[in-house]
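J.: My questions will all concern the structure given below.
We did not get these values from a lab; they are worked out from the coordinates using the rules stated. Computed from a predicted structure; not experimentally measured. Note that each Cβ is placed from the backbone with ideal geometry, even for glycine, and that neighbours are counted across all protein chains shown.
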C-alpha cells in the first residue's frame with residue numbers, strides 16, 4: 001500500500017500562479033469587459049430609485065445566501081426578526097440569526113469605510129488586500145457572538161480576527177503551515193492590490209477569492225470572509241453601487257461554486273498546465289465562473305430595476321393587496337408610490353395624499369396602513385414618506401430576486417390564515 005504524502009506548504013511560491021499567463025488571461029479580460037458593460041446598463045436602468053431601502057433588502061439577502069452556502073439555512077423572516085433583536089428560543093435558529101445579523105452589520109460598516117476612503121484618498125484596493133483588513137473583517141463577523149457560537153468541532157474556540165496558530169485541512173487540501181500564513185498573505189496582497197485599474201482589477205478579484213480560501217488564514221469562517229471580501233472588492237470598483245452581489249449567484253449555483261473552488265486547489269497537470277505549482281487551467285475555470293456569475297447578476301438586477309416596467313408591477317401589487325389580502329393598501333397609492341420609486345426623494349404626507357386623489361380621512365388611513373405593512377417608511381410620526389419593500393411585495397416588485405423570501409412570506413401568510421390569533425391583519429376589510 002502506497003501512502004499519500006501530504007505537501008508542506010511553507011513558501012508563497014507554492015501557490016503560484018496567482019494570475020494566469022497573458023494568453024490565458026485574454027478571454028477573462030473579455031468577460032471582465034462584459035461585466036463593465038452590464039454594470040453600465042444597470043446604472044441607466046436604475047436611475048435614482050429607492051437605493052437605501054433596496055440596499056438594506058439586499059444585505060439581508062446576502063446574509064441569507066452566504067449562510068446557505070455554509071449549509072446554515074436561515075428563514076428570511078428569522079433574519080428580519082433578528083434585526084429587531086427578536087431571537088428564537090431554538091438555540092440553533094438563534095445561532096443562525098446571529099450569524100446573519102453579523103454579516104449584515106459588517107457588510108454595511110465596511111462599505112461605509114470604503115466610501116470614506118474613496119472620498120479621502122482613493123486607496124481602497126491597497127487597504128482591502130491588507131492582512132489587517134482581513135483580520136478586521138473576520139473579527140467583526142464573529143466578535144459579538146457568544147462563546148458557544150465560536151466552538152469548533154474539536155471543542156476549541158475560534159478567536160475572532162486572529163490568524164490561525166495550528167494546521168488545518170479542508171477536504172483534500174492541506175492549508176499552508178500556520179507559521180507561513182503571514183508570508184502567503186503578503187504575497188497575495190502584493191499581487192492583487194497592484195492590479196491595473198479596469199478589467200485587470202476585476203480579473204484579480206476573481207483569482208483572489210480562491211487564493212485567499214486556499215491560504216485558509218483563520219481556523220474557521222474563511223468561506224464567509226472570502227465571499228464578503230469579494231463583495232467588498234467589487235463594491236470598491238464602483239460597479240455594483242450596492243445593488244448586486246455575486247453572493248446570490250454563488251448560492252444559486254453552489255454545487256458548481258464548491259466544485260470549481262476545490263478543483264483550483266489541485267496541483268499542475270503536466271507541462272501544458274502553466275508554470276506554477278498549482279493548476280492554471282483550474283484557476284482559469286474558477287475565474288471564468290466568478291466573472292460569468294457577476295455578469296449574470298448585474299444583468300439580472302438591471303432588468304429588475306428597469307423603471308419603465310415598475311409602474312405595472314406596483315399596480316399589480318396594490319391590486320393584490322386590496323382585492324386579496326385586504327391590508328388597507330389600495331390602488332390609489334400607485335401614483336405617489338411610483339413617484340417615490342422613480343425619484344428616491346421623500347414625499348411630504350400632504351403631497352402623498354394629494355397624489356392619491358382620496359379624501360383626507362381616507363388618505364390618512366391609507367398612509368397609516370402602508371406604513372404598518374412596510375410599503376412606506378418614515379423617520380418620524382409626521383415626517384416625509386419614502387419607499388418601502390416588504391418581503392411579500394418582492395414577487396411583484398422584483399420577480400425572482402429572492403424566491404426564498406417570497407416562499408417564506410407565503411408560508412407565514414398561510415399560517416396566519418389558519419390561526420385565529422393572527423388572522424386579523426390578513427382578513428379582507430369591508
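J.: Roughly how tilted is helix 334-343, in degrees to the nearest 10 and between 0 and 90, from the longest Cα axis of the chain?
T.: 30
J.: Ok, one more. Report, as a whole number in µm² per second, the diffusion coefficient that Stokes-Einstein gives for region 307-426 at 4 °C and 1.567 mPa s using the Kirkwood radius over alpha carbon pairs.
T.: 87
J.: Once the cut-off is 31 Å, how many percent of the Cα-Cα pairs in the chain end up in the long-distance tail?
T.: 45
J.: Which of 210, 178, 309 moves the most in a Gaussian network model of the chain with Cα springs under 10 Å?
T.: Comparing 210, 178, 309 in the GNM, the peak value goes to 309.
J.: Here's something else I'd like to know. 7 Å from Cα along Cα→Cβ at both residue 167 and residue 196: what's the point-to-point distance in nm?
T.: About 4.2 nm separates the two model spin labels.
J.: A further question on this structure: If contacts are Cα pairs under 8 angstrom and at least 6 residues apart, what is the relative contact order of region 194-246 in percent?
T.: 30
J.: What ranking, highest mean first, results for peptides 376-387, 105-116 when packing means the other Cβ atoms within 10 Å averaged over each residue? If you can, show how the numbers build up before the last one.
T.: Numbers: 376-387: 15.2, 105-116: 16.8.
Per-residue Cβ counts within 10 Å, averaged per peptide and sorted highest first, yield 105-116, 376-387.
J.: Quick check on packing: order 345-351, 212-218 by the mean number of other C-beta atoms within 10 Å, highest mean leading.
T.: 212-218, 345-351
J.: Let me ask something additional. From a point 7 Å beyond the Cα of residue 315 in the direction of its Cβ, which residues of region 340-354 have a backbone N at a distance under 18 Å?
T.: Taking a point 7 Å out along Cα→Cβ of residue 315, the residues of region 340-354 whose backbone N falls under 18 Å are 340-342.
J.: For region 157-225, what's the radius of gyration and Dmax over Cα atoms, in angstrom?
T.: Here Rg and the maximum Cα pair distance are 13.0, 41 Å.
J.: Cut-off 18 Å, label point 7 angstrom out along Cα-to-Cβ of residue 8: give me the residues of region 162-181 whose amide nitrogen falls inside.
T.: Under 18 Å, as judged by backbone N against the label point of residue 8, lie 165-169, 174-181 of region 162-181.
J.: A further question on this structure: Based on the Cβ-Cβ distance from residue 303 to residue 154, what FRET efficiency comes out when R0 is 35 Å, to the nearest 0.05?
T.: 0.15
J.: Let me ask something else. In Å and from the alpha-carbon atoms only, list the Rg and Dmax of region 123-245.
T.: Calculated on Cα positions, Rg and Dmax stand at 14.8, 45 Å.
J.: Compute the label zone of residue 342 within region 288-328: residues whose backbone N is under 19 Å from the point 7 Å along Cα-to-Cβ.
T.: Only 303-319 fall inside the zone, counting backbone N under 19 Å.
J.: Of 67, 89, 391, which has the largest mean-square fluctuation in a 10 Å C-alpha GNM of the chain?
T.: 89
J.: So, one more: GNM, the chain, Cα, under 10 Å: largest mean-square fluctuation among 282, 405, 24?
T.: 24
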